[in-house]
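The values are calculated or read from the model by the stated rules, or taken from the named source; none is laboratory data. Note that the coordinates shown come from a computational prediction; the quantities given were computed from them, not determined experimentally. Every residue, glycine as well, gets a Cβ built from its backbone with ideal geometry; the counts of neighbours run over all protein chains shown.
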Amino acid sequence: EAGVTQFPSHSVIEKGQTVTLRCDPISGHDNLYWYRRVMGKEIKFLLHFVKESKQDESGMPNNRFLAERTGGTYSTLKVQPAELEDSGVYFCASSQVVNYGYTFGSGTRLTVV
Amino acid sequence: AQSVTQPDIHITVSEGASLELRCNYSYGATPYLFWYVQSPGQGLQLLLKYFSGDTLVQGIKGFEAEFKRSQSSFNLRKPSVHWSDAAEYFCAVSRRQAGTALIFGKGTTLSVSS
């Protein structure tokens, strides 16, 4: 089966611009997660979708971050406007409800300059 | 507060030598426990997980981990390291419910010398 796919793999934007990250989960996986790792820190949870609904968005840092999951398929994470501290690697993961085990994508490296 | 500590930021091991990566957690109750590995340019790959039962867990690529409740530890081991094991290793925990968020440690980078 195809894995979790993230686009783009790298993005360099200027402070104040908008960036949209995309995640295509494994087909049939209802659960989709976003995580982020800023330099030197832990990988931290951002939010969790079950199908198209936000199950837990307690990790979203502020209202400059907007996540959507259209029709319970792919998800986007928009940062608007981007700040320097948003730089890091953004990971997406998906899982089936009954089969506990995340599959992670290879991440999007975001650099805000 | 819930947290995961990986005390070693960077470890260098000779090829063929044994490896142990340390992980300690702070959690209200015994959580689910995981080890992930990230090779350069790759995503996070699950090495092994512990939910219950036998406290010695076998994973992929010849790795194993032992859960010690009294020490709140879940150390990762491999008897003989290969050059391809050079990567970053992450310990993680979650609440004992499928689908909940993972809490990660800061990771340990493993270098393998020849």
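Here are the numbers:
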item	result
Any hit, the range A:45-64, residues being aromatic (Phe, Trp, Tyr), closer than 20 Å to residue B:102 by Cα and within 14 Å of another protein chain (Cβ to nearest Cβ)	yes
Enumeration of residues in the range B:57-114 that are part of a helix (DSSP H, G or I) and away from chain A (no Cβ under 14 Å)	B:61, B:62, B:69, B:70, B:71, B:83, B:84, B:85
Matching residues, the range B:51-65, being modelled with pLDDT of 95 or more, over 24 Å from residue A:92 (Cβ atoms) and not β-branched (Val, Ile, Thr)	B:56, B:58, B:62, B:63, B:64, B:65
Subset tally (residues that are over 24 Å from residue B:114 (Cα atoms), at pLDDT 95 or above, buried (at least 17 other Cβ atoms within 10 Å of the Cβ) and more than 13 Å from every other protein chain (Cβ to nearest Cβ)) for the range B:1-50	1
Enumeration of residues in the range A:4-19 that are farther than 19 Å from residue A:48 by Cβ and in contact with a Ser or Thr (Cβ under 9 Å, 6 or more places away or on another chain)	A:7, A:8, A:9, A:10, A:11, A:12, A:13, A:19
One residue from B:78, B:68 being over 28 Å from residue A:92 (Cβ atoms), charged (D, E, K, R) and surrounded by fewer than 17 Cβ atoms within 10 Å (Cβ to Cβ)	B:68
Exclusive hit being of a type in the set (A, V, I, L, M, F, W, C), surrounded by fewer than 19 Cβ atoms within 10 Å (Cβ to Cβ) and either more than 11 Å from the chain's Cα centre (by Cα) or under 30 Å from residue A:8 (Cβ atoms) (or both), set B:92, B:86	B:86
Residues (of a type in the set (A, V, I, L, M) and surrounded by 22 or more Cβ atoms within 10 Å (Cβ to Cβ)) located in the range A:80-113	A:82, A:93, A:110
Residues satisfying the stated conditions in the range B:95-114, i.e. surrounded by fewer than 17 Cβ atoms within 10 Å (Cβ to Cβ) and either touching a Leu at 6+ places or on another chain (Cβ under 6 Å) or β-branched (Val, Ile, Thr) (or both)	B:109
